[in-house]
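A short worksheet on the structure shown next.
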Amino acid sequence: MYNYQLVYQVKPKKLSEMGFDSQSFVLIAGPCAVENEEDMKLYARFLLEHQIKYMRAGAFKPRTSPHTFQGLGYEALEILKRVKAETGIKIVTEITDYHDFPKYREFVDILQIGARNMQNFPLLKAVGKTDHPVILKRGFGNTVEEWLGAAEHILMEGNPNVILCERGIRTFETSTRNTLDLSSVALLKQLTKLPVIVDPSHATGRNDLIIPLSLASAACGADGIIVEIHTYPERAKSDAIQALTLEDASHLLQKIDTILPAIQKIRK
């Protein structure tokens with residue numbers, strides 16, 4: 001379909017061992033950004049109690065406005081490092097500068113390349129020179145072809161451990177922050193052997209839509225979801241209106257558990 005090779009051929013064994021396979025549905029959850037250590041420990045324990053292995057949380061936050069919260073930076077990385085050491089939770093966090101990779105390599109389990117950096121080619125090539133698992137988010141103004149091209153940059157450097165993440169694209173629709181393109185998930189499951197996950201939080205910018213779109217993501221073939229949670233969403237320093245409360249997150253998990261057996265039968 002497109003003039004790429006590796007994205008159609010590579011099947012990352014390491015990711016299968018981490019739970020990203022056709023018979024599993026991986027959940028990644030956590031706050032948009034690290035705000036303090038006490039809360040991060042609370043989230044980690046909540047997730048582990050619900051058998052969720054991966055916690056997402058941003059240290060560096062590339063934001064549209066320079067007047068909004070940009071993240072705690074290196075302080076946040078140190079917090080995540082301590083929380084992992086104490087609780088055993090696996091860490092997923094965004095990397096924005098390839099010079100910082102040595103700091104991430106020590107404790108981060110999955111790197112994330114955000115939508116705004118999807119075509120940051122020096123960053124793509126740098127993470128491609130490692131064997132670190134990488135979540136590559138689709139840019140909100142990018143086509144599937146451009147997204148696969150970004151993945152190809154990583155794969156060509158030797159790193160097969162790429163996870164594609166659909167997080168919504170910009171359309172003329174204004175009732176949601178972006179428009180979730182689930183057709184891309186179904187298409188990519190035909191085109192590539194790479195895992196495909198969905199971020200319904202950023203796709204909609206509305207916490208009331210996260211649960212139904214998470215279920216739709218599972219039904220259309222996604223290998224997992226990445227969602228935002230917060231003890232008090234209205235107090236979150238970034239992306240407050242798209243975070244689930246811990247109670248709502250528990251409801252989401254119950255609903256996922258209900259539909260997964262049927263979905264797994266279809267996938268066999």
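Residue 173 meets each of the listed conditions (1) among the acidic types (Asp, Glu); (2) assigned to a loop (DSSP other than H, G, I, E, B); (3) in contact with a helix residue (DSSP H, G or I) (Cβ under 7 Å, 6 or more places away or on another chain) apart from (3). For segment 1-19, how many residues are loosely packed, with under 13 Cβ neighbours inside 10 Å and modelled with pLDDT under 90? The number of residues fulfilling the criteria is 6. Being in contact with a His (Cβ under 9 Å, 6 or more places away or on another chain), modelled with pLDDT of 95 or more and among the hydrophobic types (A, V, I, L, M, F, W, C) is a property that does not hold for residue 172. Scanning segment 216-223 turns up at least one residue that is within 25 Å of residue 111 (Cβ to Cβ), in a helix (DSSP H, G or I) and either among the hydrophobic types (A, V, I, L, M, F, W, C) or more than 18 Å from the chain's Cα centre (by Cα) (or both). From the list 250, 201, which residue is within 19 Å of residue 61 (Cα to Cα), outside any loop (DSSP other than H, G, I, E, B), out of contact with any Pro (no Cβ under 8 Å at 6 or more places or on another chain) and modelled with pLDDT of 95 or more? Only one candidate qualifies: 201.
What's the number of the condition residue 258 fails, among (1) exposed (fewer than 15 other Cβ atoms within 10 Å of the Cβ); (2) of a type in the set (S, T, N, Q); (3) closer than 27 Å to residue 111 by Cβ? Single failed check for residue 258: (3). Take the residues of segment 163-215 that are under 16 Å from the mean Cα position of the chain (by Cα) and of a type in the set (Asp, Glu): which is nearest to residue 152 (Cα to Cα)? My answer is 166. Tallying residues that are basic (Lys, Arg) and more than 19 Å from residue 71 (Cα to Cα) within segment 88-136 yields 4. Could you tell me whether residue 121 is touching a helix residue (DSSP H, G or I) at 6+ places or on another chain (Cβ under 9 Å) and farther than 17 Å from residue 202 by Cβ? Considered against the rule, which asks whether it is touching a helix residue (DSSP H, G or I) at 6+ places or on another chain (Cβ under 9 Å) and farther than 17 Å from residue 202 by Cβ, residue 121 comes out as yes.
Would you check if there is a residue in segment 86-109 being of a type in the set (S, T, N, Q), under 20 Å from residue 227 (Cα atoms) and buried (at least 21 other Cβ atoms within 10 Å of the Cβ)? Yes: one or more hits. The set of residues from segment 20-48 being crowded, with 20+ Cβ neighbours inside 10 Å and hydrophobic (A, V, I, L, M, F, W, C) comprises 20, 25, 26, 27, 28, 29, 32, 33, 34, 40, 44, 47. Would a scan of segment 19-41 turn up a residue that is in contact with a Pro (Cβ under 8 Å, 6 or more places away or on another chain) and without any contact (Cβ under 8 Å) to a residue 40 or more places away in the chain? No. Taking segment 220-243 as the range and being without any contact (Cβ under 8 Å) to a residue 40 or more places away in the chain and either surrounded by 15 or more Cβ atoms within 10 Å (Cβ to Cβ) or hydroxyl-bearing (Ser, Thr, Tyr) (or both) as the test, the residues that pass are 220, 232, 233, 240. Reported count of residues in segment 176-189, each being more than 17 Å from residue 239 (Cβ to Cβ) and part of a loop (DSSP other than H, G, I, E, B), is 1.
Inside segment 46-79, residues that are in a helix (DSSP H, G or I) and either in contact (Cβ under 8 Å) with a residue 60 or more places away in the chain or of a type in the set (Lys, Arg) (or both) make up a count of 1. In segment 152-159 there is at least one residue that is more than 26 Å from residue 220 (Cβ to Cβ), modelled with pLDDT of 95 or more and touching a Ser or Thr at 6+ places or on another chain (Cβ under 8 Å).
The values are calculated or read from the model by the stated rules, or taken from the named source; none is laboratory data. Quick caveat, the model's predicted, so the values are computed rather than measured. So basically every Cβ, Gly included, is an ideal-geometry build from the backbone, and we count neighbours across all protein chains shown.
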